[in-house]
Amino acid sequence: MGFLDTKQGHSVFDQYLKKFDGKASQKVYRSEIRQFFEFFDGDLQALSESVFHKYRDHIGQGANGKTLKRKFSILNQFFKFLEENQKDFKSPIGRSYGDMQSFQSGVYAESESFSGNLGHWMENLVCESTKKTYSGHVLRFFKWVNKEPKDLSQEDFIDYRNHLLKEKRMKISTVWNKFIAISGYMRFLAGKSRKFKNPMDFNKLSLAAPKKDKGYYTVLTEKEVRELLKMPDRRYQMAKRDYALLRLMLTYGLRAGEVCKLRFQDIEGERVNGQQKIWIRDRKGRIGRRTDTDIILNGKALEAFDEWMEASGIRFEADTPIFPSFIWDAHAGGLVVNHRRLKAKKPLSVKTIENVVFKYVKKAGITRGNQVVSPHALRHTALTMLAKAGVELIDLKYLAGHQNVSTTMIYLHSVQSYEDHAGMHHPINR
């Protein structure tokens, strides 16, 4: 028999509800308090913090943070009333500020508040793969720490760092990547509310940034570039796609992520002098400073682009990705466009671009010892070749999508050649 079913409990409950006579809240209070005592049917003196924690977990699966707060606020008021009217009874919830916090919140990582904040934060991230990776890092941290942001301290971040390094045996550069995501989320919360102060001091975590892959700044020779472009067997549909994206990257220096994001609406409707303008959207850089830039396709790059578009068999809508993924089809006996992903407007992944580049680099026999010739190496190759061809620095900056011209300067590192270099022009060296 529950407390409210006893003569004493029934009497005190009716007495309490009289406070709300004539108010709509009386029905709510009656319902919420009865729900608790249907869950707990023990003696009143057996109430403890653990009972309330179990009740929180019981209702927390289907309740958001506001609902939990409301439910425990109602219970808290009732138990305060009981303290005043029941001899030797003391509410396990307590009276001090903060006593109810542990009862009013469930697991933060599973709350609507967390999922909402995470969604808003990820709107600032451009690449889909980055969104997936960063949200995973943040989610795993909050599941591990089992606290709300307002309850975190620098010690929690230090403990998590040590957990990843010592127990999970992760590389310090891997841990750095995880904390970049966590730090970004914490800074987002601090920017969202003035009342919340970011407890993380990233610099004091003493983490090291991962080094660029040894092949990150690799520049291919013109002979290697031409050999690489021979590798896709353009009798096949997927190879036409691969050839087109390789041409774009090697001619205009597009990043892998920029190629992935290209959609049909980015192509201008009319051609001028047989040339096609396409727009590269939301390029790399700080949020709010990212610009859209246009490139004009012509020559063999445009031919490759047209060849793919005609062979794709896709009915393009405005937001259809230009370069889709492929999937094996047993009925067709080969690789075909993945129409399910295409219908969902899901773009090609950066990982797929990397695999395309690695496949043809290997097939072409291009090696750099232990260096990996990555998609970014193709970008460096394209912009370096353009610099050698005499393209002005300001035009290279625009094409590369750089915010600072000093970044573009790295592509001039190998512009000099045996036919034309600084030593040939110095007056005292003649």
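Since every read-out is calculated from the coordinates, none of them should be taken as a lab result. Please read these numbers as outputs of a predicted model, since none were measured by experiment. Every residue, glycine among them, receives a Cβ derived from its backbone with ideal geometry; neighbour counts consider all protein chains shown.
Mind checking the angle between helix 350-364 and the chain's longest principal axis? C-alpha axes, 0 to 90 degrees, to the nearest 10.
Roughly 30 degrees between the two axes.
Please list, ordered by chain and number, the residues whose modelled amide H lies under 5 Å from the amide H of ILE280; skip anything fewer than 5 residues away on the same chain.
Counting only residues 5 or more places away or on other chains, the set is THR293, ASP294, ILE295.
Let's see if you can work this out: charge +1 on each Lys and Arg Cβ, -1 on each Asp and Glu Cβ, no other charges. What is the dipole magnitude of the chain about its Cα centre, in debye to the nearest 20?
It works out to roughly 420 debye.
Amide H to amide H under 5 Å from ARG263: which residues, 5+ apart in sequence or cross-chain, H placed 1.01 Å off N in plane?
ILE322
On full extension of the chain, what length is gained from SER73 through ASN198, given 0.36 nm per residue of separation minus the C-alpha to C-alpha distance?
That works out to 42.2 nm of additional length.
Of the peptides 305-314, 389-398, how do they stack up when ordered by the mean number of other Cβ atoms within 10 Å, highest first?
Answer by packing, highest mean first, reads 305-314, 389-398.
Distance in nm between label sites at VAL405 and GLN265, each 7 Å beyond Cα in the beta-carbon direction?
Each label point lies 7 Å from its Cα, and together they span 3.5 nm.
Taking the chain as the reference, fit the longest principal axis to its C-alpha atoms, fit the long axis of helix 7-17 to the helix C-alpha atoms, and give the angle between the two in degrees, 0 to 90, nearest 10.
Rounded to the nearest ten degrees, it is 60.
Give the residue from ASN370, SER50, TYR252 lying farthest towards the positive end of the charge dipole for the chain; charges sit on Cβ (+1 for Lys and Arg, -1 for Asp and Glu) and the dipole is referred to the Cα centre.
ASN370
My understanding is that a pair violates if its Cα-Cα distance is over 23 Å; which of LYS19/LYS90; LYS359/LYS388; LYS351/LYS397; LYS23/LYS80; LYS143/LYS171; LYS192/LYS345 do that in this structure?
Checking Cα-Cα distances, LYS359/LYS388; LYS351/LYS397; LYS192/LYS345 exceed 23 Å.
Can you spot the lysines whose alpha carbon is less than 20 Å from LYS195's alpha carbon? Ignore those fewer than 8 places along the same chain.
By straight Cα distance, LYS195 reaches LYS66, LYS69, LYS147, LYS150.
Against the longest principal axis of the chain, how steep is helix 299-311, in degrees 0 to 90 to the nearest 10, with axes from Cα atoms?
For helix 299-311, the angle is close to 50 degrees.
Using Cα positions and a limit of under 16 Å, work out the lysines in reach of LYS362, with same-chain residues fewer than 8 apart set aside.
In chain and number order, the partners are LYS223, LYS230.
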